[in-house]
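Working notes for the structure below.
The values are calculated or read from the model by the stated rules, or taken from the named source; none is laboratory data. Everything numeric in this text was worked out from a predicted model, so none of it was measured. Glycine gets a Cβ as well: all are built from the backbone with ideal geometry, and neighbour counts include every protein chain shown. What goes into the accessible areas is simple: the full protein's heavy atoms, side chains included, and nothing from ligands, DNA or RNA. Shrake-Rupley method; radii C 1.70, N 1.55, O 1.52, S 1.80 Å.
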Amino acid sequence: MNDVIIIGGGPAGSSLGCYLSMMGISNLIIEGAIFPRAHVGESMVTSSTRVLKEIGMLPIMEREGFVRKYGASWHAPKGKEFAIEFGEFPQAGIEQDYTYHVDRSKFDQLLLKRAEELGSKVYQGVRVQKVLFEDDWARGVRVKIGDSEVDLPCKLVVDASGRSTILGNQLKLKQKDPIFDQYAVHAWFKNVDRGSGHTADFIHVYFLPVERGWVWQIPINDEITSIGVVAERDVFREAKLDVESYFEKYTQTNPDLARAMQPAVRINEFKSEGDYSYCMEKFVGNGYILIGDAARFVDPIFSSGVSIALYGAKYSATQIRQAFETGDFSAATFVPYEERSRKGVAIWYEFIRLYYKLLPLFTHFIQSKEHRLQVLQLLQGEVYDRSEVPVLQAMRNYVQAVEASDNHLFKSQLTSIAID
Ligand SMILES: Cc1cc2nc3c(=O)[nH]c(=O)nc-3n(C[C@H](O)[C@H](O)[C@H](O)COP(=O)(O)OP(=O)(O)OC[C@H]3O[C@@H](n4cnc5c(N)ncnc54)[C@H](O)[C@@H]3O)c2cc1C
């Protein structure tokens, strides 16, 4: 019998495989695709470095020459640009002042290979059809191999199936986000004018003149740049345009972006992603755990997803080790992982909500001497094990003051998002 079966070999599943193998816990990763496979989510935050270091991925990242990401830059609709650099806020346990932009087909394959090197057994091209339960306990998974269905028993099932959310669907745990219903259209381009100088390889985020609208510009290598247009799904619906015309239209609405895209040539098909913000009612149960996107997905404006997946693996591994030490695989053993993870992601969520509530608030706070380092701390993914985040309260207070005033400069830019 397998000790642990992990469904999915994305960043969450593979990094968990690494941790468990390092702890001497045998694990099988079952991945439905055959790698390399394309995936959205190409820009990381610096907190990821801690996990990559622990599982021995940093030398591999350097050897493979992934683009170093030293900072981030935002472009307001009228062309004003402001940037941050990670070197300004050093993080405990992280020696580099940069993180990475990645071609996910390559990164995910290397991470899965790293898990295999450390001891994970890996099946690729095998889809899990369902998680098997006896009474209230997960006891294994059913996979389809060729025409046959095969049941694989284990002591613990981990759902790391990403937005496929296999266990969340099976147990009807999914709660759609009450606020966010975003839609993204993206593709890779050659010849994007990324500018020159040290900000050329930053992530660039361009604000669009529609509610919750923005565009990402992520360098994949010297030649290729990923560009994605994100806005509320209604903006796409109401535009009544095909994906290409919609993309063209909105990339023209920010002058800096229009300039960057002028010489650009698309090199692959457009892909679209929608309906991607949700939270599962619970992340753990008897004999099972959900990690990464399989547990929760928050809007990608701050490139948080891979970091959340990696920390989900790190923190769940601690509780899994405890389960193997005590022999107790009940939900109670895994609850500390759920609490730690929920609290961390709730900080990302609140930050994102305030960002969308009032865009100038973000620009104001990031440029303020008093708050800048605290905002950097959030942008760099330091959201876990924090008892308080004063800058979020300061942002809430600021929003309330704008709401209460009759003539505040930012009043007309408040959106309809509710802030508690
Ligand atoms: C528009 C958009 C932009 C984004 N931008 C960023 C960004 O810039 N930076 C960032 O960090 N994050 C970003 N993200 C989020 C990021 O993509 C995810 O958070 C991250 O990939 C989560 O990793 P994961 O391992 O949980 O899931 P995944 O990476 O999705 O991996 C899940 C794996 O499970 C496999 N699988 C699924 N079902 C089964 C099954 N039944 N059986 C076997 N295998 C299965 C899949 O094939 C897949 O390989 C973005 C997301 C979106 C939608």
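Numerical summary
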item	result
So Ser368, is it free of Cβ contacts under 8 Å to residues at least 12 places away in the same chain, touching a helix residue (DSSP H, G or I) at 6+ places or on another chain (Cβ under 9 Å) and not assigned by TED's automatic domain parsing to the domain that holds Ser43	yes
Qualifying positions in segment 34-60 - closer than 21 Å to Leu118 by Cα, not in a helix (DSSP H, G or I) and not β-branched (Val, Ile, Thr)	Phe35, Pro36, Gly56, Met57
Helices (runs of 4 or more DSSP H) fully within segment 202-280 counting 2 or more residues that are in contact (Cβ under 8 Å) with a residue 40 or more places away in the chain, on the phi < 0 side of the Ramachandran plot and of a type in the set (Ser, Thr, Tyr)	243-251
Any hit, segment 52-60, residues being within 18 Å of Gly292 (Cα to Cα) and near the ligand (Cβ under 10 Å from one of its atoms)	no
Residue match in segment 7-16 (condition: away from the ligand (no atom under 12 Å from the Cβ) and either open to solvent by less than 10 Å² (accessible area, probe 1.4 Å) or not assigned by TED's automatic domain parsing to the domain that holds Ile289 (or both))	no
Members of segment 65-108 that are exposed (fewer than 15 other Cβ atoms within 10 Å of the Cβ) and within 25 Å of Gly195 (Cβ to Cβ)	Gly65, Lys78, Gly79, Lys80, Glu81, Phe82, Gly87, Glu88
Members of segment 160-174 found to be within 20 Å of Val4 (Cα to Cα) and either surrounded by fewer than 20 Cβ atoms within 10 Å (Cβ to Cβ) or more than 10 Å from the ligand (Cβ to nearest atom) (or both), listed by number	Ser164, Gly168, Gln170, Leu171
Residue in segment 3-13 that is touching a helix residue (DSSP H, G or I) at 6+ places or on another chain (Cβ under 9 Å), at pLDDT below 95 and part of a loop (DSSP other than H, G, I, E, B) present	no
Qualifying residues in segment 297-332 (those that are polar (S, T, N, Q), surrounded by 22 or more Cβ atoms within 10 Å (Cβ to Cβ) and part of a helix (DSSP H, G or I)) - the one farthest from the ligand (Cβ to nearest atom)	Ser316
Residue selected from segment 132-159 under the condition aliphatic (A, V, I, L, M), surrounded by fewer than 22 Cβ atoms within 10 Å (Cβ to Cβ) and at pLDDT 95 or above, by the criterion farthest from Val4 (Cα to Cα)	Val150
Contacts under 9 angstrom Cβ, first residue in segment 23-52 being among the aromatic types (Phe, Trp, Tyr), partner assigned to a helix (DSSP H, G or I) and at pLDDT 95 or above, 6 or more apart	Phe35/Ser105; Phe35/Asp108; Phe35/Gln109; Phe35/Leu112; Phe35/Lys113
Matching residues, segment 262-296, being near the ligand (Cβ under 8 Å from one of its atoms) and modelled with pLDDT under 95	Glu273, Tyr276
Identity of the residue in segment 17-51, more than 8 Å from the ligand (Cβ to nearest atom), open to solvent by less than 20 Å² (accessible area, probe 1.4 Å) and aliphatic (A, V, I, L, M), that ends up nearest to the chain's Cα centre (by Cα)	Val51
Test: Arg142 is within 14 Å of the ligand (Cβ to nearest atom) and touching a His at 6+ places or on another chain (Cβ under 8 Å)	no
